[in-house]
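See below for the structure under consideration.
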Amino acid sequence: MDRGGGGRSFFPCSSSQQRLTYEMLSNLALVLIDGTVFEIVQGLLEIQHLTEKNLYNQRLKLHSEHRALKQELLRKHKESLQGCKSHNLAVLRAAQQRELEALEQRVKHEQKMMDEKIVLELDQKVIDQQNTLEKAGVPGFYITTNPKELTLQMNLLDLILKMQQRSAQSGNR
């Protein structure tokens with residue numbers, strides 16, 4: 001499979017970037033002829049959007065749970081302060097401060113874990129998409145984490161989506 005190596009460059013790129021060759025574009029045109037790749041890309045896009053929406057909602061839910069925990073803790077602290085004798089006030093405030101700091105540390109840790117989970121899940125989606133497009137015979141697609149190769153793949157996807165839109169527009173005329 002051509003990974004964008006030799007050949008003439010279609011789009012201007014810096015010499016360090018991978019080049020989109022005429023051969024790659026020609027091979028891409030061939031796999032796009034029957035429309036199957038358009039359907040695959042559309043399906044992958046829908047899956048990606050659903051995944052992103054789900055992950056966003058999970059993060060919102062966690063944020064909401066954290067906000068509720070903090071509000072409940074502050075309510076409990078306020079009640080405790082109202083019933084506290086003045087000679088115990090300093091001890092109670094210090095204990096409440098430690099409790100609040102512990103909650104904030106827990107929240108920070110849980111948010112970090114959620115963000116790491118989101119990144120891993122999105123990385124897995126990219127791998128799944130690369131694998132699916134490679135198996136469908138789309139040139140330029142294979143599993144990689146190389147940023148330059150990922151940029152090329154994103155540009156190829158953008159090109160495929162634009163071609164799909166043009167194809168749909170010309171079909172409606």
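A compact table of results
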| read-out | value |
| --- | --- |
| Amide H within-cut-off set for LEU20, under 5 Å, with H built and near neighbours excluded | PHE10, PHE11 |
| Candidate aspartates and glutamates for bridging to LYS117, where Cα separation is under 15 Å - those fewer than 8 sequence places away on the same chain excluded | GLU52 |
| Pairs from LYS125/LYS148; LYS70/LYS112; LYS53/LYS148; LYS125/LYS162; LYS53/LYS135 whose Cα-Cα separation, in the structure shown, is over 20 Å | LYS53/LYS148; LYS125/LYS162; LYS53/LYS135 |
| Per-residue SASA entry for ARG59, accessible area with 1.4 Å probe, Å² rounded to 10 | 100 Å² |
| Average accessible surface area per residue within the stretch 36-165, 1.4 Å rolling probe, Å² | 67 Å² |
| Acute angle (nearest 10 degrees) that the helix 89-135 long axis makes with the longest principal axis of the chain, alpha-carbon atoms | 10 degrees |
| Between helix 36-82 and the chain: long-axis angle, C-alpha atoms, 0 to 90°, nearest 10 | 10 degrees |
| SER26, SER86, ranked by accessible area, largest first (probe 1.4 Å) | SER86, SER26 |
| Cα gyration tensor shape of the chain, rounded if a/c is under 1.5, else prolate or oblate by comparing a/b with b/c | prolate |
| Crossing angle, helix 147-171 versus the chain [Cα axis fit, 0-90 degrees, rounded to tens] | 70 degrees |
| Accessible area in the full protein assembly, largest first, 1.4 Å probe, for LYS76, LYS53, LYS125 | LYS53, LYS76, LYS125 |
| Whole-percent carbon and sulfur share, accessible surface of the chain, 1.4 Å | 55 percent |
| Accessible surface of THR51 - all protein chains present, 1.4 Å probe, nearest 10 Å² | 20 Å² |
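The values are calculated or read from the model by the stated rules, or taken from the named source; none is laboratory data. Nothing here was measured: the structure is a model prediction, and the numbers come from that model. Surface accessibility is based on the protein's heavy atoms, side chains included, excluding ligands, DNA and RNA. Shrake-Rupley method; radii C 1.70, N 1.55, O 1.52, S 1.80 Å.
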